[in-house]
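> Structure incoming, see below.
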């Protein structure tokens, strides 16, 4: 964990939170902290203490090792989504949808991803 910068750890926390479809407020409630603390961690402005990091990982249903070892692509992609305000609003709306509606959105995204993969294969040939 010492080799992760606060920004890198923040990206991993952000990515894990998005994977679990939690808002910053929801994660803060699980941890019994103010939502601004989650913001500071995710932006790399503060580095959570080891005990707090354990609690963050548990709240996100990860082990601490799994959290800090999330693939960089998850954190990097998530960080770019974090900077896309329109996408952020969409993700926040998604988090408030019913499970049934989220499944529909997930299927739509999977269909688009499949189409992208097929198109990529066609370009590679």
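> Residue 97 to residue 19: FRET efficiency via 1/(1 + (r/R0)^6), r the Cβ-Cβ distance, R0 22 Å, to the nearest 0.05?
Values: r = 16 Å, r/R0 = 0.74.
FRET efficiency, residue 97 to residue 19: 0.85.
> Can you give me the distance in nm between label points at residue 117 and residue 5, each placed 7 Å from the Cα along the Cα-to-Cβ direction?
3.3
> Between residue 87 and residue 105, with labels modelled 7 Å along Cα→Cβ, what's the label distance in nm to one decimal, could you check?
My value for the distance between the label points is 1.4 nm.
> Going by average Cβ density within 10 Å per residue, which order do the peptides 45-52, 112-119, 23-30 take, highest to lowest?
Final packing ranking: 23-30, 45-52, 112-119.
Here, each number is a calculation from the coordinates, and none is a lab measurement. This is a predicted model, so every value here is computed, not measured. Positions of Cβ are generated from backbone atoms using ideal geometry, with glycine treated the same way; all protein chains shown enter the neighbour counts.
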